[in-house]
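The values are calculated or read from the model by the stated rules, or taken from the named source; none is laboratory data. This structure is a prediction, so every number in the text was calculated from the model and none was measured. Don't worry about glycine lacking a Cβ; one is built from the backbone with ideal geometry, like all the others, and counts go over all protein chains shown. Calculation scope for accessible area: heavy atoms of the full protein, side chains included, ligands and nucleic acids excluded. Shrake-Rupley method; radii C 1.70, N 1.55, O 1.52, S 1.80 Å.
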Amino acid sequence: MEKALMAGYMNRSLDVDLSSGRVSELAINDEDLQLYLGGKGIGTRLLYDHTPAGLDPYDPEMVLIFSTGPLTATRAPQSNRFVVTTKSPLTGAVANSTCGGSFASKLKKAGVDVLLIRGRADHPVYLEINEDDVQVKDAGHLWGKGAEETQELLPKAFGKAVIGPAGENLVRYACIVSEERLAGRTGCGAVMGSKNLKAVIATGKRKVEIMDDAAFSKLQTSINKYLRSHPMTGDVLPRLGTPSLVNITAGRNILPVNNFQRGTDRRAVNISGEKLAAEEMEKRSGCINCPIVCGRSVKLKGKIVKGPEFETLGLMGANLGNFDLKLVLELNQICDDLGMDSISTGGSIGFATELTERGLLPSDLSFDRHEGICDLVRDIAHRRGLGDDLAEGVKRMSEKYGGTEYAIHVKGLELPSYDPRGCYGQGLEYATTNRGGCHVQGSTMFFEATGPLNIDPLSVRAKPQLVVMQQNLVAAISSSVFCVFATYGVIPGFIYRLNPQGLVARIIAQAVLNSGPILTMVLKTKAPLKILWFEKFLSYIFGRKVSLGDFIETGERVFNMERLYNMREGFTASDDTLPERLLSEPTFKEAERGVPLDEMLPKYYRLRGWDPDGIPTEKTLKRLQIRH
Amino acid sequence: MAILIPTYDLAQEIGAEIEIDAATVGELLSIGRERWGKPFEDTVRAAAIVVNGRAITRLKGKRTPLGPDDTVWLVNASAGG
């Protein structure tokens, strides 16, 4: 009997073995699709199921999974994204990274929900996928080329996901590039390089079945309108992009300066988003069906290239003591073309610079001079000289040269550009996020410091609840797959228009700070209603009701699935921590120490239904229907 | 003398870093209104006032004292990844 087809999916996934060249159908049962949706969720489930414990990320049998979601290739705003999942060569934990551009849409229109790649080709290859065929093709002419040229040399009609020299040379934080967008973090590009796989390209014209197309279209129109009129998604992000965070984080004392030695610098205005928009921006750019259009294009040496995001301005700028905007633009372009995560690159160079200044590393690096830094970044991608050490990341460098107390990483992943000593909830989020020190698995700092409310950043009250709520929401969003920027539209627009010093804003912020017990109850309740647009889109596409409670529970399931994978790979509660500098060295006058993680972590574990050692209880796993 | 770092837009009109002789945030705001008028008034209505990284709503509001080493930033809200 033929299997019933599920709306929202192409009902075909592929298993490609590069060692043998064999392509077969990948069986994913319907129950797993319902429980994990797609994207990050199904990627994590498959990683767990298709690899044995302890498998090295560079072992040929390691899997590299490209997954779309039920909403990919539909007109739902901010939904044309794919997720790459594997084991991180940087951290040894679960690796996943989401990416925009057109590849996700074209992969799904080629009739593929999930592409699982295993094995290792005996020479450089790329995969070409269309509706009828999958071919493993020779990539000898592409090997060694940058991400931009590689994409130019591949056929125009295809969506592309490629690696640059960093991936080929197994830089542990190499990324995967699609158009100007990047699956940036955790080193997925290095795993792709270890398989001698230079690119995956796809094209097709298949359509995604939507059960209630009329309701879906109506919702799409209204949400597009809503996002365009919202103060954040319709004004600040389109006008200034993420770089607008430079001044804000500097003002809030959470911008990392000189390897997180301090949290602010008045020179930050020289690399601000406002300055970038006024003096360097040529045009805006965005992903398919996204009303926000958050990308910036700038002119660099006579050429129009992608401009930097906030993270690059923070980590390749302030964190290196570099407040030369043009130099950051150049470093950003070099990193992108080499296929290298600018967060980990900046974190690694910042750490090496401090090691140098403390006499622990023989190099010319300095927080005051930046000559030769562009060449150093190229050396990392090609593993030349000092670049070879830097390509290993902060954690491994600290094990070789010392300085573990100021090696700024969590679980081996270099921290992004928010110093948690000025946003304690974000510190808890960094410590507990499964892929390591990452800011887009919850973005708690938005509620504490960078957003319209000021939920006392130096208080621990209600922070465990906020972190759990946000992590679950984002895990569900990344499994659907939506862009996490969609979450900024969830906060009603009127809140952004309040006077931050005014009574209403203060009352709301204080109410949230005091709402711990209520939030705890909310976390234990499965809301039966459709409230946000995420679950409404899913309901219309599947033709069955998906409540907000169902949606959030999916996120909770995915988060726990990631946790189980990490535990299987040897991670324990002792890895849920922060660098010593961030725990013990205060950056605020009135603070006696850094992030009081010990005051938040036990509560966080209880809220998650984990035991005091951070292990999900059988009761929790049963409730979430997670097999293991 | 406290240092005022205005928002980027306001800085185009009044300068990027301004030393102001004020004993409290309230005094600083009064001086700013008197010196720069409506552009300053409009900015402080929409921006968070932050002293040494702490929002004044978490300090003593307009009564927050200012010393010679203090930095007052005016910051808008934003988001990103």
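When the accessible areas of B alone and A alone are added and the area of the pair subtracted, with a 1.4 Å probe, the result is around 2900 Å², both sides summed.
Panel values: region A:401-509, Kirkwood radius from alpha carbon pairs, Stokes-Einstein at 37 °C and 0.692 mPa s, translational diffusion coefficient 221 µm²/s. Calculated mean residue ellipticity at 222 nm for the protein assembly as shown: -10500 deg cm²/dmol, from DSSP H runs with n ≥ 4 weighted as -39500 (n - 2.57), summed, divided by the residue count and rounded to 500. Please report the relative contact order for chain A, taking Cα pairs under 8 Å with a sequence separation of at least 6, and give it as a percent rounded to a whole number. Relative contact order comes out at 15 percent. When the alpha carbon gyration tensor of region A:1-88 is reduced to an equivalent ellipsoid, its three semi-axes come out at 24, 16, 13 angstrom, largest first.
Relative to the compact globular guide of 2.2 N^0.38 Å, what is the alpha carbon radius of gyration of region A:247-374, as a ratio?
Dividing the Cα radius of gyration by 2.2 N^0.38 Å gives 1.07.
When the listed pairs A:Lys306/A:Lys411; A:Lys299/B:Lys38; A:Lys109/A:Lys137; A:Lys589/B:Lys62 are checked against a 23 Å cut-off, the alpha-carbon distance exceeds it for A:Lys306/A:Lys411; A:Lys299/B:Lys38.
Kirkwood hydrodynamic radius of region B:33-81, from the reciprocal of the average inverse Cα-Cα distance over all distinct pairs: 12.0 Å. For A:Asp419, the residues 5 or more places off, or on other chains, whose built amide H falls under 5 Å of its own are A:Leu255.
Can you classify region A:14-202 as rounded, prolate or oblate using the Cα gyration tensor, where a ≥ b ≥ c are the square roots of its eigenvalues, rounded means a/c under 1.5, and otherwise it's prolate if a/b beats b/c and oblate if not? Because its axes are fairly even, with a/c under 1.5, region A:14-202 counts as rounded. Label sites at A:Ser584 and A:Ile518, each approximated as a point 7 angstrom past Cα along Cα to Cβ, lie 4.0 nm apart. Since only A:Val112, A:Leu538, A:Val191 are under comparison, the one whose Cα sits farthest along the positive direction of the charge dipole of chain A, derived from C-beta charges on Lys, Arg, Asp and Glu, is A:Leu538. Couplings 3J(HN,Hα) for region A:11-24, derived from phi with the Karplus relation 6.51 cos²θ - 1.76 cosθ + 1.60 (θ = phi - 60°), are 6, 8, 10, 10, 10, 10, 9, 6, 5, 9, x, 7, 10, 9 Hz, where x marks Gly and Pro.
In loop segments of region A:579-623 as defined by DSSP, the GluC sites (Glu not before Pro) with at most 14 further C-beta atoms inside 10 Å of their C-beta are A:Glu590, A:Glu592. Close amide H partners of A:Gly8, meaning residues 5 or more places away or on another chain with modelled amide H under 5 Å apart, are A:Glu209. Counting Lys and Arg as +1 and Asp and Glu as -1 over every other residue whose Cβ lies under 12 Å from the Cβ of A:Lys524, the net charge comes to +2. Around the Cα centre of chain A, unit charges on the Cβ atoms of Lys, Arg, Asp and Glu (plus for the first two, minus for the last two) sum to a dipole of about 1860 debye.
Summary of the geometry: region A:76-97 and region A:473-504, compared by the centres of their Cα atoms, lie 22 Å apart.
Summarising the amide proton neighbourhood of A:Cys99: residues at separation of 5 or more, or on other chains, whose placed amide H is nearer than 5 Å comprise A:Phe82.
Start at zero, step by 10 Å, and the Cα-Cα distances of region A:449-600 spread as 9, 29, 36, 21, 5, 0 percent across the bins.
Computing the accessible area with a 1.4 Å probe over protein heavy atoms, can you report the carbon and sulfur percentage for chain A?
Details: 10910 of 21160 Å².
Answer for chain A: carbon and sulfur cover 52 percent of the accessible area.
Take A:Arg623: with every protein chain present and a 1.4 Å probe, its accessible area is about 120 Å². Taken per residue, the accessible surface of the protein assembly as shown reaches 35 Å², heavy atoms only and a 1.4 Å probe.
Separation of region A:172-210 and region A:525-592, taken as the distance between their Cα centroids, equals 24 angstrom.
Summarising the overall dimensions of region A:110-208 from its C-alpha atoms, the Rg and Dmax are 12.8, 38 angstrom.
Over region A:31-75, the fraction of Cα-Cα pairs per 5 Å bin, rounded to whole percents and listed from the shortest bin up, is 5, 21, 26, 19, 14, 9, 4, 2, 0. The lysines within cross-link reach of A:Lys303, meaning a Cα-to-Cα straight distance under 27 Å and a gap of 8 or more places when in the same chain, are A:Lys145, A:Lys156, A:Lys160, A:Lys198, A:Lys275, A:Lys283, A:Lys326. Radius of gyration over Kirkwood radius for chain A, both on Cα atoms: the Rg/Rh ratio is 0.94. Using only the C-alpha atoms, the convex hull of region B:2-75 corresponds to 73 Å³ per residue.
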